[in-house]
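The values are calculated or read from the model by the stated rules, or taken from the named source; none is laboratory data. These numbers come from a predicted model, not from an experiment. All Cβ positions, even for glycine, are placed from backbone atoms using ideal geometry, and neighbour counts span all protein chains on display. With ligands, DNA and RNA removed, areas are computed over all heavy atoms of the protein, side chains included. Shrake-Rupley method; radii C 1.70, N 1.55, O 1.52, S 1.80 Å.
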Amino acid sequence: MNVKIEQSWKDALAAEFDKDYFIKLTDFVRGEYLAGKTVYPEAKNIFNAFNLCPLEKVKVVIIGQDPYHELGQAHGLCFSVLPPTPNPPSLQNIYKEILSDLGRPSVTNGDLTYWGQQGVLLLNSTLTVAAHVAASHSGRGWEQFTDAVIRAVAKREHIVYMLWGSYAQKKAAIVDADKNLILKSVHPSPLSAYRGFFGCKHFSAANKYLESVGKTPIEW
């Protein structure tokens with residue numbers, strides 16, 4: 001299936017791979033792909049977020065829930081889609097806030113690969129999904145695995161956590177607010193963005209903090 005995870009993550013998460021839940025999860029996911037079912041993202045992109053952003057290079061963590069579940073959308077990074085796929089509504093709102101906050105636009109397409117390459121871990125809580133069925137792979141073990149990912153990152157200091165919505169905020173509840181920057185707002189979804197995402201200025205706040213601890217800011 002050509003599923004690989006970058007070495008620093010492989011080392012940090014080694015204990016998870018031998019646990020019963022992960023063995024069952026692996027059997028389930030592999031079975032879905034091998035049965036010919038349409039699963040997103042492609043198997044090679046399941047760990048895309050990790051392969052773009054090794055553990056020691058993580059500067060910012062953004063947490064999503066479920067991969068996109070329609071053709072041409074998910075490629076292993078939360079909120080991100082590959083062109084020519086139109087930008088989903090939440091990503092459109094993220095770009096609107098970047099423009100408002102920083103006074104300049106982000107890229108026009110939906111590919112956030114260049115964020116990952118700069119140290120932004122774009123982490124979905126669940127890493128696979130069946131076509132056309134939201135949350136179809138939830139409760140299979142991915143959430144436990146990505147909790148372990150958060151714990152691995154939380155051992156380090158001076159990380160920015162951009163937590164949009166109650167789900168992301170609960171997911172990262174273990175993070176030490178005294179040793180990191182935790183930025184919280186409602187989700188950028190059209191259902192909630194006007195209740196506090198717009199105007200949150202998380203992108204400038206993240207860069208100001210990164211510079212204050214001697215790190216290169218993100219080119220959003």
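Taking the Cα centre of the range 51-122 as origin and assigning +1 to Lys and Arg Cβ atoms and -1 to Asp and Glu Cβ atoms, the resulting dipole is close to 200 debye. For the chain, give the share of DSSP beta bridges that are antiparallel, in percent and rounded to the nearest 5; count only bridges with both residues there. In the chain, approximately 15 percent of DSSP beta bridges are antiparallel ones.
At most 12 other Cβ atoms within 10 Å and a DSSP loop assignment: could you name the GluC sites (Glu not before Pro) in the range 95-163 that fit? Answer in residue order: Glu157. Surface composition of the range 41-173: carbon plus sulfur atoms contribute 54% of the solvent-accessible area (1.4 Å probe, protein chains only, all chains present).
Here the contact order of the range 39-196, divided by its residue count and restricted to Cα pairs under 8 Å and six or more residues apart, works out to 28 percent. Working note: 222 nm ellipticity from helices only, DSSP H runs with n ≥ 4, each -39,500 (n - 2.57), summed and divided by the residues of the chain, gives -10000 deg cm²/dmol to the nearest 500. Here's how it looks for Asn124: its modeled amide H is under 5 Å from those of Gly64, Cys78, which are all 5 or more places away or on a different chain. The residues of the range 49-115 have, on average, 40 Å² of accessible surface per residue, using a 1.4 Å probe with all protein chains present.
Using 0.36 nm per residue and subtracting the Cα-Cα separation, the extra length available between Lys179 and Lys4 on full extension is 59.9 nm. Which shape class applies to the range 63-172: rounded if a/c is under 1.5, otherwise prolate when a/b exceeds b/c and oblate if not, where a ≥ b ≥ c are the square roots of the Cα gyration tensor eigenvalues? Oblate, since a/c reaches 1.5 and b/c is not below a/b. About its Cα centre, the range 69-191 has a charge dipole of approximately 180 debye under the convention of +1 per Lys or Arg Cβ and -1 per Asp or Glu Cβ, with nothing else charged. Helix 89-102 and the longest principal axis of the Cα set of the chain meet at an angle near 30°. Think of the range 158-218 as having a plus end and a minus end, set by charges on the Cβ of Lys, Arg, Asp and Glu; of Gly199, Thr216, Val175, Gly199 sits farthest toward the positive end of this dipole. Largest first, the residues Asp176, Asp18 sort by 1.4 Å accessible area into Asp18, Asp176. The residues Arg151, Arg195, Arg104, sorted by heavy-atom accessible surface at 1.4 Å with ligands and nucleic acids left out, run Arg195, Arg151, Arg104 from largest to smallest.
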